[in-house]
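Contents: one structure, followed by commentary.
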Amino acid sequence: MILGLSAGVVGSLVGGLMLGIGMGLVIGGQHLGWLLLMPAAPVAGLIGYVQARRLAKRLN
């Protein structure tokens, strides 16, 4: 259970970091910030999903 939670936490941290940096760039007038802002949630979910699948393989 702890390892499953860590997969979610790592995904959330990466997505939150992308969201924060992208939002800061967009507010500062840099349009390239949208490249970080838009895919932040899907990337976070994908990282958590990949780590959870890797964890499930180890348990079997």
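Residue count for the range 1-47 under the criterion of being more than 8 Å from the chain's Cα centre (by Cα) and under 30 Å from LEU59 (Cα atoms): the result is 9. Being modelled with pLDDT of 85 or more, exposed (fewer than 15 other Cβ atoms within 10 Å of the Cβ) and not hydrophobic (A, V, I, L, M, F, W, C) is the filter here; which residues of the range 1-38 pass it? Hits for the range 1-38 are GLY16, GLY20, GLY24, GLY28, GLY29, GLN30, HIS31. Taken together, the residues in the range 39-51 that are open to solvent by less than 80 Å² (accessible area, probe 1.4 Å) and at pLDDT 80 or above amount to 9.
Whenever a residue of the range 28-52 is within 13 Å of GLY16 (Cα to Cα), its partners that are part of a helix (DSSP H, G or I) and open to solvent by 70 Å² or more (accessible area, probe 1.4 Å), lying with C-beta atoms within less than 7 angstrom and at least six residues away or across chains, give the pairs LEU36/ILE21; LEU37/LEU19; LEU37/MET23; ALA40/LEU19; ALA44/SER12.
The values are calculated or read from the model by the stated rules, or taken from the named source; none is laboratory data. Small disclaimer: the values here were computed from a predicted structure and weren't measured. Because the Cβ atoms are built from the backbone with ideal geometry, glycine has one as well, and the counts that use them run over all protein chains shown. The area values use the complete protein model at the heavy-atom level, side chains included, leaving out ligands, DNA and RNA. Shrake-Rupley method; radii C 1.70, N 1.55, O 1.52, S 1.80 Å.
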